[in-house]
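What follows is a single structure, written as structure tokens, with notes after it.
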Amino acid sequence: HSVRDGLLVAQEPAESFFNWAEDSTTPSTCRHVGGVTAYWVGDHGLINWYAPGDFVVTDLTVVEATIGSSAILMYPPANVVGQTIPTARYSNVAFAGYWNGQSCRSTEHVWKCKKSLLDSKPWCEFFHRGHNQQAMGVTGLGETLFTSSEFGGKKTKGEQKFRWTEMDSFSTVGGQVIVNGAHFANFDGNDGCGLKNVAVHQNPYSNDTFHHHQFSQVSWSNIRNGGEVYMRTMYGNTHHPADDFTETWYLDYDNFKYGAYWPDSPNHQLLIDVDGTFTGTGRRSSIVASQTLTRNDQFSTYGYNGRNFRNLGPMRAGCVESERTRSWNAVQCDSTVEWLSVIIDNLSEDRLTRRPGPVVMCKGDGMIDVNGWPLCQGGQVQYASGPVMKGKAGRAILERMTRYWFHAENNGNLTLAFRGQPPENMRFYLQDHEYLNVGSNAGVTLNLRYHGLNSQLRVGVYVNGVRQRPVVGYGYPHEQSPPRTWPASTDPAGTHYHDKYVNSEEYTRIGNQGVQRNVLSFVLRPGSVVDLRQEPIVQVTATLSMPLDEFFNNKDTFAAAMANVLGIDASRMKFVEIVPGSTRRRQSSTTKLGMEIEQDPNAAAQARSRGSLHSTNDLSTVNSRLSSLGNSVGTFEVSNVQTTLHTVDVETPAINVAQDHDYILLNVTMSAGVTFTDSNVATAVAAFIVSSYGTTVSPQNATADADVAVGNVFTDASNYTRFTISFAYEEDLASSNHAVATVADSIATPTRFLPAGYNVVGYTIVRAGATTTTSSGATTSAPGTTAAPGGNASTTAAPGVPTLPVTLPPTAGPNATVPSAPQEDDGVFGSSSGTTFIVAVVVGLVLVVGVT
């Protein structure tokens, strides 16, 4: 008691000179903490700081702590894509906001936003301590976060440099918090000091996702004014204008400054009350933060304009809003609403650089309005933007993974709509069904419309790595011969139907994608992973010297003859169009055909196992044979044969580097047997910098791989690889830019700083605010050789929607000082010390560098 943190659970809490106890021998599969009592605690009663593996807490009692319990759990990347779900379990725990008879703690003892190297302070002040918001006093059980080292994320350095509640790595796919047996006492949502105290609350610095949290066997005493829970959400005016003329509203996705950076976690909070003891209903219930998921409004009510979230319609069936729920800033739903989690992983080559979101999920069949917006006929609209940048290198090059989390109602038929072009390679999970006890009845059907580049391709559906036979039609399922049914949520995982209907006449006449449905409907079930991969096809049109009715009697014979000529299996061919060859149907003596030919399924499976969409397949040969086809296919006379090979096309991503960061853009080819690896480049560059600066020049003389930001990697179809090199020293932008200059000085001899086998064919040196120096070879066929200084983060918009650059705020100068030894710190939420830092920070919305 009377300490800053009651119990810290960590394997390596900080750097060695802080003299924290470390235990590298502890097994990393699970940690069990029990029999702990903490009271009069400045910050945390119990804090788990990046300890590896699952977490079990039993027999814990915490009284009067700013945060009773909080945890950030670390998992290796191998667990990220598997079906083993990271878990934290709390049982027989008790939290009291303050002592019996105590009206409040203190008007001075509140959550204060503190600075660190990561520096979530601007986000904290922007969101958690924003305009006229009631200050938080004490909380009981805090949100548990699940993270991994995926995409370079790693455990951060711990206090003093980071706060115990700050997470600087990406969230895992899944995660479950199971609370069974908890007592909460003396939490007043509006106490005598004017503070808000709640039993359960979100992590103040977690922006990107809110994993599954479920409660059972909960008891209460002396809870007032909504002291059970509070969900801080993002709706309304931020009171932080983008400039002197532009108001900023939360979830305004067209805002030029913040539109690409709205975090997801606040509006995705959802608590499951398994037995009704949390809500006091006596039956299963849920507490939902989202105001749109719980409404029947169609998407057009809100669009992508944050101002429209003031126009909320009536509640959906099963959900209610009351004085009590308004004190929670949430909506309560009953047992008829069965929530599951849908997670979407973008596995495309440009997943770290292109933002296909925001992504919308709602109740509907995948259809769109004339402006390209999803219709969402049944309402219940959700938005997801994906994570913000993580890690100092990620912030320097503006790279962030694109993973999306949604809540879906069990057995729902749902629209999934990407505002930008959908990724060409995606993985889908359905999780968090266990509490429902519905067994084999858990499932959802998603309806995804493809548009933009690659939209004409075939979509391969894989279930647990096994390719499914494509089911494609050019009309509704019941219009097919024989008739088909729509994929149902209780069908096996991966059951699908791709409606590629096109009204050719209207499409040609007005070019409106509204007459091209192109909707893939597919089923997700628990325990199975579904991958969607766009795959190449050959499209063929031809005219047959045969009346339409006669052709229908010989269609299968023609298909067999064509397959024989092409040397393929007839099952790979699909008739797209069979119409009279002239507008006078009864008088036409010809038939016009349209066909699609997919790649060999074995070639597709091999490409998937290699992780490539650019498969080596026989379609080039098929296309060549079609192009040289004569006037006959077997006994059939053909003419006007036209053929097109459509391959998976990944556009060259824009160059994204944070404003005021110098960088070098390189284009290379690889020698035989050498594969481009960004980690190998970082290692080679770091070694070069260390050797160049000697022992006295800091921080360059201690450059580690993590200080080198290798990003914007893209390899084109000709096997030219483009990438950037910059630096991300945590405390010194000037030193980062100086290191770039050192590499630039050796640009003529790249073997000094690049691994063996990397052959430079062009480069561009970009100095912020200075003239760009380009080599004579920079305009070769290597991709993407032009770049401009500054930090313009690109977002991709749907057809007809302009792409909006998001200009990031300017960074501060390199004049601040950093103490060489640890300074005294009075706690995360105490009063501010006089320590001065310059830091690269992510505030959930924008990338800034600040000095306090």
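Nothing in this text is a laboratory measurement; each read-out follows from the coordinates by a stated rule. No experiment lies behind these values; they were computed from the predicted model shown. Cβ coordinates were reconstructed from backbone atoms using ideal geometry, including for glycine residues, and neighbour counts include every protein chain displayed.
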| task | With a 10 Å radius around each residue's Cβ, average the other Cβ atoms per peptide and rank 377-385, 646-654, highest first. | result | 377-385, 646-654
| query | Using 0.36 nm per residue, how much length does the chain from W220 to S628 gain when fully extended, once their Cα-Cα distance is taken away? | reply | 138.9 nm
| said: How large is the Kirkwood hydrodynamic radius of region 232-317, counting all unique pairs of alpha carbons, in Å? | reply: 14.6
| said: Largest first, please: the extent of the C-alpha atoms of region 429-495 along each principal axis, to the nearest Å. | reply: 40, 29, 22
| query | Under a point spin-label approximation (7 Å from Cα along Cα-to-Cβ), what is the A135-E247 distance to one decimal in nm? | reply | 2.9
| note | Distance in nm between S679 and N100 label points, each 7 Å along Cα→Cβ, equals 5.7
| What is the packing order of peptides 389-400, 290-301, 194-205, taking the mean over residues of other C-beta atoms within 10 Å and listing the highest first? | 389-400, 194-205, 290-301
| request: Provide the gained length on full extension for the span N371 to E550, in nm with one decimal, where the gain is 0.36 nm per separating residue minus the Cα-Cα distance. | output: 60.3 nm
| field | Antiparallel bridge percentage (DSSP; both residues within region 86-230; nearest 5) | value | 5
| Quick one: what do you get for region 260-306 if you divide its Cα Rg by 2.2 N^0.38 Å? | 1.49
| note | For the table K115/K390; K257/K363; K196/K392; K196/K257, the rows whose alpha-carbon distance is greater than 24 Å are K257/K363; K196/K392; K196/K257
| field | Virtual spin-label span in nm between Q480 and T742, 7 Å along Cα→Cβ | value | 6.2
